[in-house]
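The values are calculated or read from the model by the stated rules, or taken from the named source; none is laboratory data. Quantities reported herein were computed from a predicted structural model and do not represent experimental measurements. Please note: Cβ atoms are built from the backbone with ideal geometry, for glycine as well, and neighbour counts cover all protein chains shown.
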Amino acid sequence: MAHDATHDHHDHHGAPQGFFQRWVMSTNHKDIGTLYLVFALLMFFIGGAFAMVIRAELFKPGMQLVQPYFFNEMTTMHALVMIFGAIMPSFVGLANWMIPLMVGAPDMALPRMNNLSFWIMPFAFTLLLSTLFMPGGGPAGGWTMYPPLSLQGESIAYVVFAVHLMGISSIMGAINIIATILNMRAPGMDLLKMPVFVWSWLITAFLLIAVMPVLAGAVTMLLTDKYFHTNFFNAAGGGDPVLYQHIFWFFGHPEVYIMILPAFGIISEIIPTFARKPIFGYKAMVFAIASIAFLSFIVWAHHMFAVGLPMGAEIFFMYATMLIAVPTGVKVFNWVSTMWGGSMTFETPMLFSIAFVILFTIGGFSGLMLALAPADFQYHDTYFVVAHFHYVLVTGAAFSIMAAAYYWLPKWSGNMYSETWGKIHFWSSVISVNVLFFPQHFLGLAGMPRRIPDYNVAFANFNMISSIGGFWFGASQLIFLGVIVHCVYFSKKKAADRSWEGAKGLEWTVPSPAPHHTFDVPPVIHDDELAHGHTDH
Amino acid sequence: MTSGGIGRWFSAWTAGVVLALSGGAAMANPEPDQLNMTKGAAEWSPYGMHMVALWVCVVIGIVVFGAMFVAMFRFRKSRGAVAEKWTHSTKLEIVWTVIPVIILIFLAKLATGGLTSFADTTGSEMTIKVTGYQWKWRYDYVEYKGKPVDRVGFMSKLEETSDRTRQLKSNLDPDKIQVDGYKTYLLDVDKPLVVPVGVKIRFIIVGGDVIHSWWVPALGWKMDAIPGIANSAWTNLKEPGVYRGQCAELCGQDHGFMPIVVKAVPKAEFEQWLATQEDEAKVQKAAQTAQATPVTAPQG
């Protein structure tokens with residue numbers, strides 16, 4: 001009887017026909033995943049446009065294009081849009097699409113909440129971006145919104161409400177992911193048989209639940225300081241501007257890992273597929289992610305080495321930060337070991353993953369250097385830091401998302417993308433991104449502070465090189481857009497169910513494109529189909 | 001300029017690496033195409049630690065990326081490689097957990113030493129209070145050789161030529177702004193902070209409105225200037241010279257336009273300068289009192 005009911009159910013529930021019904025009222029994890037990914041791509045281009053303004057103004061010394069205040073709006077909005085609009089939603093989109101497919105669940109555990117958590121986002125960003133068109137201008141105090149400076153802006157209330165909305169969305173998304181992973185796995189999908197991507201998201205979701213309320217608290221205090229005469233951060237009223245920084249970075253550092261742990265998960269899926277060899281040290285990989293997540297809570301003040309912390313605090317946060325190098329190193333060594341002895345091919349997802357391992361590690365190296373507090377007294381707030389976090393966020397997080405898009409596009413769309421154009425996109429991106437960010441290390445070491453609209457002529461050459469790399473990298477992403485549109489709408493090459501020869505895991509057992517509803521009946525799990533079916537290793 | 005620039009880069013890189021290895025001359029102020037951190041001009045400098053950390057990273061990078069490239073070459077399907085089955089090696093995993101820990105302990109020891117000496121402001125012979133304002137600095141000389149300094153303090157802000165040049169679409173050439181052959185666009189002020197060489201100077205750093213950060217690379221550190229908090233740091237400059245820096249914490253629209261210039265002079269010259277400043281302050285005060293007297297006298 002159960003079987004009959006399910007069968008019936010299946011027949012009558014294809015995708016709804018109307019546009020509004022299908023996309024706005026959706027409770028389907030695949031459609032909501034698509035919405036998240038499309039939204040993130042849109043934000044990626046908006047945030048990218050802001051970056052183009054920044055790089056254009058910094059093309060040569062002197063002010064040519066924009067006023068300094070507008071420049072500050074651009075740096076602030078670029079960060080907010082890229083972090084909260086592009087990177088985070090794209091990871092949530094990937095989670096929505098892939099987690100139910102990977103654990104053998106019919107949908108997310110809380111489908112209506114899923115709809116709500118997506119549809120909050122466009123409103124949050126409309127609120128945030130609308131400030132650019134207001135008389136007082138947008139936020140210009142940096143994405144970290146340090147008071148007292150951020151309180152001088154007239155748009156703080158809009159930013160705070162936008163952040164609240166993003167926070168609510170993230171928390172609901174995280175609850176949904178945890179509920180799905182813990183409750184909806186198909187029988188036989190033990191926790192230690194889950195794909196690393198699922199593990200990485202399970203841990204990330206806990207980080208989100210732990211820290212988004214902290215951010216909400218911090219910005220609410222900004223709001224009351226601005227409009228309700230409280231003095232949390234006002235020294236003249238007995239408050240402390242540094243308190244804000246502690247609270248913000250208690251959110252901010254785990255946030256950094258929220259943007260990289262799912263990337264670790266993605267890379268841990270892709271490298272074994274194209275090396276045709278199971279991941280090296282599965283349990284060590286999971287444990288490393290958990291350790292990094294734990295450590296992320298006790299390192300926040302390394303963002304504050306120059307605020308004049310007591311020496312004991314500097315030493316503690318320095319040691320704790322350095323410790324992160326150990327589990328991160330384990331991950332990198334394990335990826336290399338996964339490749340060693342494999343049978344590798346280099347399709348676009350693999351190329352992006354290999355670039356990720358190398359370039360993210362370079363970002364990790366500069367991170368280790370930044371962890372050394374005395375050296376950080378020089379590096380802090382310079383372009384060295386800008387180079388560091390763009391290596392981990394662009395060639396780290398963003399590259400992993402591109403790798404994931406190429407990897408799973410055949411499953412999503414049912415078509416193969418153009419491998420030639422994928423590779424053109426890859427090589428164009430990987431070269432330009434280094435032209436863009438590598439010289440910024442030199443600029444920072446030579447003495448160029450970050451967040452300045454103009455600079456001494458000594459910094460001219462590397463800024464020009466960096467800007468050229470920036471325009472080139474920005475233009476390269478139009479190729480990405482083209483490849484996606486071609487793949488979804490025009491590609492004639494149909495994807496096989498198991499789109500990649502070496503791919504393992506439940507998502508490859510369903511048809512391509514994945515039907516609107518999958519796993520109405522829990523799949524029978526054969527350990528051989530899973531990437532980590534045998535837990536003895 | 002790109003291809004030429006990139007070619008120049010590599011030659012400059014090589015030169016920089018050779019310089020770093022041979023311990024070549026330090027550049028105190030930003031130079032065109034500068035690749036590395038300045039050694040600075042002060043007793044305390046994180047340069048050595050920076051170089052150690054950099055080389056540690058370079059060596060680890062060569063090993064890890066080298067292994068990756070060997071793997072990518074040897075284990076290609078197109079070369080007929082057949083995937084092996086192993087997924088685990090406890091021995092290897094212990095090795096690459098323990099070795100990084102040892103390296104980190106070594107780095108931590110080095111950095112702790114650097115922090116300890118940086119935090120020690122005792123034995124200073126001079127105190128200067130630095131206040132950050134939107135968008136200028138104020139310097140107040142508090143005490144020199146145990147004696148309070150009488151009312152010597154002044155504002156220091158971006159000098160006028162740079163200020164005119166940096167206006168939007170001014171069409172003025174930043175390259176033209178030079179002092180003694182050094183191009184000082186945005187790195188020069190109307191009135192520099194004058195300090196003696198060979199004296200341990202303690203800085204008290206505060207913020208007047210929002211948070212700023214006082215940074216002169218040649219001194220080896222930056223310190224935030226925060227409203228309501230008095231931070232301290234110290235320096236002991238070894239050689240006379242003009243050391244340039246700027247605000248390093250976003251502080252509003254003109255954050256990029258509040259440079260710092262520290263002019264280090266021999267002790268005798270400094271003492272003379274300080275005496276002149278004190279005299280000027282006295283004269284000024286006398287003038288103020290004189291101005292004030294006619295008003296108050298009739299009442300008195």
Of A:MET318, A:MET350, the only residue that is within 7 Å of chain B (Cβ to nearest Cβ), in a helix (DSSP H, G or I) and out of contact with any Cys (no Cβ under 7 Å at 6 or more places or on another chain) is A:MET318
Taking the condition crowded, with 20+ Cβ neighbours inside 10 Å, closer than 26 Å to A:PHE438 by Cβ and at the interface with another protein chain (Cβ under 8 Å from one of its Cβ atoms), does A:LEU368 pass? yes
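Table: residues versus (1) touching a Ser or Thr at 6+ places or on another chain (Cβ under 7 Å); (2) within 30 Å of B:MET49 (Cβ to Cβ); (3) in a helix (DSSP H, G or I).
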position: B:GLY113; (1), (2), (3): no, yes, yes
position: B:THR127; (1), (2), (3): no, yes, no
position: B:GLU143; (1), (2), (3): yes, no, no
position: B:ARG151; (1), (2), (3): no, no, no
position: B:GLN167; (1), (2), (3): no, no, no
position: B:ASP175; (1), (2), (3): no, no, yes
position: B:ARG202; (1), (2), (3): yes, yes, no
position: B:VAL206; (1), (2), (3): yes, yes, no
position: B:TRP215; (1), (2), (3): no, yes, no
Determine the pairs where a residue that is on the phi > 0 side of the Ramachandran plot, located within the stretch A:29-42, has a partner that is among the charged types (D, E, K, R) and buried (at least 22 other Cβ atoms within 10 Å of the Cβ) with Cβ atoms under 7 Å apart, the partner being 6 or more residues away or on another chain. none
Residues satisfying the stated conditions in the stretch B:177-195, i.e. within 7 Å of chain A (Cβ to nearest Cβ) and either assigned to a loop (DSSP other than H, G, I, E, B) or surrounded by 24 or more Cβ atoms within 10 Å (Cβ to Cβ) (or both): B:TYR185, B:LEU186, B:LEU187
Taking the stretch A:144-166, which residues are under 18 Å from A:VAL307 (Cβ atoms) and more than 10 Å from every other protein chain (Cβ to nearest Cβ)? A:MET145
Taking the stretch B:54-82 and keeping residues aliphatic (A, V, I, L, M), at the interface with chain A (Cβ under 9 Å from one of its Cβ atoms) and out of contact with any Gly (no Cβ under 8 Å at 6 or more places or on another chain) leaves B:LEU54, B:VAL56, B:VAL58, B:ILE60, B:VAL64, B:ALA67, B:MET68, B:VAL70, B:MET72, B:VAL82
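For B:ASN236, indicate whether it is closer than 23 Å to B:MET51 by Cα and either away from every other protein chain (no Cβ under 11 Å) or surrounded by fewer than 24 Cβ atoms within 10 Å (Cβ to Cβ) (or both). Full working, then the answer.
Numbers: closer than 23 Å to B:MET51 by Cα: yes; either away from every other protein chain (no Cβ under 11 Å) or surrounded by fewer than 24 Cβ atoms within 10 Å (Cβ to Cβ) (or both): yes.
In short, yes.
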Subset of the stretch B:83-104 that is surrounded by fewer than 12 Cβ atoms within 10 Å (Cβ to Cβ) and either at the interface with another protein chain (Cβ under 7 Å from one of its Cβ atoms) or not basic (Lys, Arg) (or both) - its residue that is farthest from B:VAL63 (Cα to Cα): B:THR90
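Yes or no, residue by residue, for (1) farther than 26 Å from A:PHE280 by Cβ; (2) modelled with pLDDT under 95; (3) over 19 Å from the mean Cα position of the chain (by Cα); (4) more than 9 Å from every other protein chain (Cβ to nearest Cβ):
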| site | (1), (2), (3), (4) |
| --- | --- |
| A:VAL336 | no, no, yes, no |
| A:GLY341 | no, yes, yes, no |
| A:ALA355 | no, no, no, yes |
| A:ALA375 | yes, no, yes, no |
| A:GLN378 | yes, no, yes, no |
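If we only count helices (runs of 4 or more DSSP H) wholly inside the stretch A:396-489, which ones have 3 or more residues that are touching a His at 6+ places or on another chain (Cβ under 8 Å) and of a type in the set (Gly, Ala, Ser)? Steps first, please.
Values: elements: A:399-413, A:419-446, A:460-485.
Fully inside the stretch A:396-489 and qualifying: nothing.
Could you identify the single residue in A:MET121, A:MET145 that is touching a Phe, Trp or Tyr at 6+ places or on another chain (Cβ under 8 Å) and part of a helix (DSSP H, G or I)? Full working, then the answer.
Details: A:MET145 fails: part of a helix (DSSP H, G or I).
Step by step, each of A:MET121, A:MET145 is checked, and only A:MET121 is touching a Phe, Trp or Tyr at 6+ places or on another chain (Cβ under 8 Å) and part of a helix (DSSP H, G or I).
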I want to confirm something. Restricting to the stretch A:233-248 and keeping residues that are free of Cβ contacts under 8 Å to residues at least 60 places away in the same chain and not small (Gly, Ala, Ser), which single residue is nearest to the other protein chains (Cβ to nearest Cβ)? A:ASP240
Consider only pairs whose beta carbons are under 7 Å apart and that are at least six residues apart or on different chains; among these, list those whose first residue lies in the stretch B:130-141 and is under 11 Å from B:MET155 (Cβ atoms) and whose second residue is basic (Lys, Arg). B:THR131/B:ARG138; B:LYS136/B:LYS157; B:ASP140/B:LYS129
Determine whether the stretch B:196-213 contains at least one residue that is without any contact (Cβ under 8 Å) to a residue 12 or more places away in the chain, of a type in the set (S, T, N, Q), facing another protein chain (nearest Cβ under 10 Å) and under 30 Å from B:ASP33 (Cα atoms). no
